[in-house]
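**Student:** I'd like to ask some things about the structure below.
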Number of protein chains: 2
Amino acid sequence: MTDTPTRSKMETPAIYDDLHRKLVTAQFGHGEKLKSEELRQTYGCSANTIREVLFRLSTAGLVAFEEQRGFRARRTSKERQHDLTQFRILLEQEGASLSMKHGDIEWEARLSAAHHKISHIESEVRRAGTVVHVLALWSNAEWEFHDTLISACQSPLLRETYKTIYDQFRQQLVSRDTNYGYYIENIEEHRAILEAALARDEPSCRKHIRDHLARNMLN
Amino acid sequence: MTDTPTRSKMETPAIYDDLHRKLVTAQFGHGEKLKSEELRQTYGCSANTIREVLFRLSTAGLVAFEEQRGFRARRTSKERQHDLTQFRILLEQEGASLSMKHGDIEWEARLSAAHHKISHIESEVRRAGTVVHVLALWSNAEWEFHDTLISACQSPLLRETYKTIYDQFRQQLVSRDTNYGYYIENIEEHRAILEAALARDEPSCRKHIRDHLARNMLN
DNA sequence: ACCTGATTTAATTTTGAAATTATAGCAAAA
DNA sequence: TTTTGCTATAATTTCAAAATTAAATCAGGT
């Protein structure tokens, strides 16, 4: 763990959100032990509250739980990265296809807006040559774009599942934070997805989604 | 809740399994309140242990949780049934396709065996004109068949997600228990899926999976 | 030196009760 | 009769400590 936050008392949902944020931004090392006692002191609550939060995070796939042996930040592996990528491709392709089928002009507008934002941030990254100073902004905007893409699919299950996969995916990608070349390539890919989606060109959209997501496994 | 089980003390995993079983076999009514106090007495443990188990079941999608308002057996609805069905079709089609791609002779053998079992039980149902006396057997065999079908997909994520969806799907299907016509139609459909899978005929397998699962929404 | 087993230490898990919050019942006013 | 507010009841949620279990330390033997 990197920084110790406020020592003030927090409600259970706030603790969940804070730990969730720390996990997907990899402020815990892969496989790092998450001790009840430490977290209890950090958040100023009882061990039981921490336990409950960690349980929820474990079913969200960000934390590994072993009986009588506590909680750890989820470990990464080549196999798991591959699995997450392939599954994310499946869900995003299906979600985008359904959105293209059901989405109205409102959906198109929201998608354009989301693309405008992420595109603007990525242009800044290209100019600055680094992403660190806008990483949190970029991270939110990237999520917004992909979530908006599938937001008209009319399947709550698909959308919820996609979010859990997306979060686990993010958790693996920390080492990429300073490699701004990664973000630069996103600019073209996001535009390709946007244009295919607006044109309701399903095969093209599927292809660009696959290309965009699969590139994450190349190193 | 229908029957009160043993009053003896149970370990947390045993409580989870028992409640899971009761939920997917709909021994709780849809939307029925799950009171900590009652369950605590039933299983001879503290309210906190019950809380922990219900939390796990809520992230498995079988129980609905509302802050400050406790737990309920998940409600059903036409929309949710449709969503579950469509999502299950997506996952099972993808899982079967991948299994056909990666599966070896061992997978074929396991699939044949699983089909033999479910087929045998469904023949019995046809002869007897009712399913109630073998419902538990049938339920396990049906799961075995579908799980084996996707078992060679080489994606733990896909397989785990499929299980959670399958369980939620089961939870909705209780009223069907005495309608044995439903089970009779399964015989042909399971065979069609088996044969397409063994022939590695992906389009045909996808079609039969869709037909088999979609039929559940017709009433 | 290395393995084995007992003891100490540190962690997780369960408990029972206190604190908090929602729900139901009831009375008074519109 | 309906609504509003208060009270009593019942439920959920949090807590601190006890009980349980795993991990680490150390001593004795091979």
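The values are calculated or read from the model by the stated rules, or taken from the named source; none is laboratory data. Everything numeric here is computed off the predicted structure, so don't read it as measured data. In this analysis, Cβ positions are derived from the backbone assuming ideal geometry, glycine residues included, and neighbour counts consider all displayed protein chains. Accessible surface is based on the protein model in full, side chains and every heavy atom, while ligands, DNA and RNA are left aside. Shrake-Rupley method; radii C 1.70, N 1.55, O 1.52, S 1.80 Å.
**Student:** As a check on your reading of the symmetry: which chain B residue has its Cβ nearest the axis that brings B onto A, and how far is it in Å?
**Tutor:** B:Thr59, 2
**Student:** Report, in debye and to the nearest 20, how large the dipole of segment B:78-219 comes out about its Cα centre when Lys and Arg carry +1 and Asp and Glu carry -1 on their Cβ.
**Tutor:** Charge dipole of segment B:78-219: 260 debye, to the nearest 20.
**Student:** Could you give me the percent of Cα pairs per 20 Å distance bin for the protein assembly as shown, shortest bin first, beginning at zero and ending with the bin that holds the maximum distance?
**Tutor:** Going from the shortest bin to the longest, the percentages are 22, 53, 24, 1.
**Student:** Taking the dipole about the Cα centre of segment B:119-176, with the C-beta of Lys and Arg at +1 and of Asp and Glu at -1, give me whichever of B:Cys153, B:Leu137, B:Val125 is farthest to the positive side.
**Tutor:** B:Val125
**Student:** Test of understanding: given chain A, find the longest segment containing no trypsin sites (Lys or Arg not before Pro) that are in a DSSP loop and have at most 10 other Cβ atoms within 10 Å.
**Tutor:** The reported range is A:70-219.
**Student:** Can you show me the helix-derived [θ] at 222 nm for chain A, built from DSSP H runs with n ≥ 4 at -39,500 (n - 2.57) apiece and divided by the number of residues, rounded to the nearest 500.
**Tutor:** Estimated from H runs of four or more residues: -22500 deg cm²/dmol.
**Student:** Considering only C-alpha atoms, what is the centroid distance from segment B:87-160 to segment B:35-77, in Å?
**Tutor:** One Cα centre to the other: 30 Å.
**Student:** What percentages, rounded to whole numbers, describe P(r) for segment B:43-128 computed over all alpha carbon pairs with 10 Å bin width beginning at zero?
**Tutor:** 13, 23, 25, 27, 11, 0
**Student:** How would you classify segment A:12-73 from its alpha-carbon gyration tensor, with a ≥ b ≥ c the square roots of the eigenvalues: rounded for a/c under 1.5, else prolate if a/b is greater than b/c, otherwise oblate?
**Tutor:** Judged from the Cα gyration tensor, segment A:12-73 comes out rounded (a/c under 1.5).
**Student:** Taking a probe of 1.4 Å and counting only protein heavy atoms, give the total accessible area buried between chains B and A in Å², rounded to the nearest 100.
**Tutor:** 1900
**Student:** Any idea what the B:Lys163 label distances to the other copies are, label 7 Å down the Cα→Cβ vector, nm, shortest first?
**Tutor:** 2.4
**Student:** Let me cross-check A:Val132: its accessible surface, 1.4 Å probe, with only protein heavy atoms counted, in Å² to the nearest 10?
**Tutor:** 80
**Student:** Sequence-distant or interchain residues sharing an amide H contact under 5 Å with A:Gly44, placed H: which?
**Tutor:** none
**Student:** Still on this structure: Using protein chains only (no ligands, no nucleic acids) and a 1.4 Å probe, work out which residues of segment B:36-63 have their accessible area cut by at least 20 Å² relative to the chain alone.
**Tutor:** The answer is B:Asn48, B:Arg51, B:Glu52, B:Phe55, B:Arg56, B:Thr59 - residues whose exposure falls by at least 20 Å² when every protein chain is included.
**Student:** I'd like the Karplus ³J(HN,Hα) series for segment A:131-143: coefficients 6.51, -1.76, 1.60, θ = phi - 60°, whole numbers in Hz, and an x wherever there's a Gly or Pro.
**Tutor:** 10, 4, 6, 10, 4, 5, 4, 4, 4, 5, 5, 5, 4
**Student:** Output, in nm with one decimal and in ascending order, the distances from the B:Gly70 label point to the matching label points of the other copies (7 Å from Cα along Cα-to-Cβ).
**Tutor:** Label-point separations across copies, in nm and ascending: 3.5.
**Student:** Ok, one more. Arrange the residues B:Phe87, B:Phe65 by how much accessible surface each exposes, largest first, with a 1.4 angstrom probe.
**Tutor:** B:Phe65, B:Phe87
**Student:** Just to be sure I understand: if I project the alpha-carbon convex hull of segment A:111-213 onto a plane and average over all orientations, what area do I get in nm²?
**Tutor:** 6.3
**Student:** In nm, one decimal, shortest first: how far is the label point of A:Pro203 (7 Å from Cα along Cα to beta carbon) from the matching points in the other copies?
**Tutor:** Between copies, matching label points for A:Pro203 lie 1.4 nm apart.
**Student:** Using R₀ = 56 Å, calculate the FRET efficiency as 1/(1 + (r/R₀)^6) where r is the Cβ-Cβ separation of B:Glu188 and A:Arg40; round to 0.05.
**Tutor:** So, using R0 = 56 Å, E works out to roughly 0.45.
**Student:** If you plug each phi of segment B:198-212 into the Karplus form 6.51 cos²θ - 1.76 cosθ + 1.60 with θ = phi - 60°, what whole-Hz ³J(HN,Hα) values come out, in order, with x for Gly and Pro?
**Tutor:** Once rounded to whole Hz, the list reads 5, 7, 6, 8, 4, x, 5, 4, 4, 5, 5, 4, 4, 4, 4.
**Student:** Any idea of the accessible area per residue across segment A:78-217, 1.4 Å probe, to the nearest Å²?
**Tutor:** Averaged over the residues of segment A:78-217, the accessible area is 44 Å².
**Student:** Let me ask something else about it. Between A:Leu135, A:Leu157, A:Leu57, find the one with the highest GNM mean-square fluctuation for chain A; connect C-alpha pairs within less than 10 Å.
**Tutor:** A:Leu157
**Student:** What does the extension gain come out to for A:Leu135 and A:Glu160, with contour length at 0.36 nm per residue minus their alpha carbon separation?
**Tutor:** 6.6 nm
**Student:** Just grab the label-to-label distance for B:Asp17 and A:Met217, each label 7 Å out from Cα along the Cβ direction, in nm (one decimal).
**Tutor:** 3.5
**Student:** How large is the Kirkwood hydrodynamic radius of chain A, counting all unique pairs of alpha carbons, in Å?
**Tutor:** 18.5
**Student:** Let me ask something else. What are the ³J(HN,Hα) couplings of segment B:97-103, residue after residue, when phi is run through the Karplus curve with 6.51, -1.76, 1.60 and θ = phi - 60°? Round to Hz, x for glycine and proline.
**Tutor:** For segment B:97-103, the Karplus-derived couplings read 4, 5, 5, 5, 6, 9, x Hz, x marking Gly and Pro.
**Student:** Sticking with this one: Compute the helix-to-body angle for B:105-128: its Cα long axis versus the longest principal axis of chain B, expressed 0 to 90° and rounded to tens.
**Tutor:** Helix B:105-128 and the main axis of chain B meet at about 70 degrees.
**Student:** I would also like to ask the following. Leaving ligands and nucleic acids out of the surface, order B:Glu189, A:Glu11 by accessible area at 1.4 Å, largest first.
**Tutor:** A:Glu11, B:Glu189
**Student:** If you roll a 1.4 angstrom probe over the protein chains with everything in place, what fraction of the accessible area of the protein assembly as shown belongs to carbon and sulfur, to the nearest %?
**Tutor:** Exposed carbon and sulfur together represent 51 percent of the surface.
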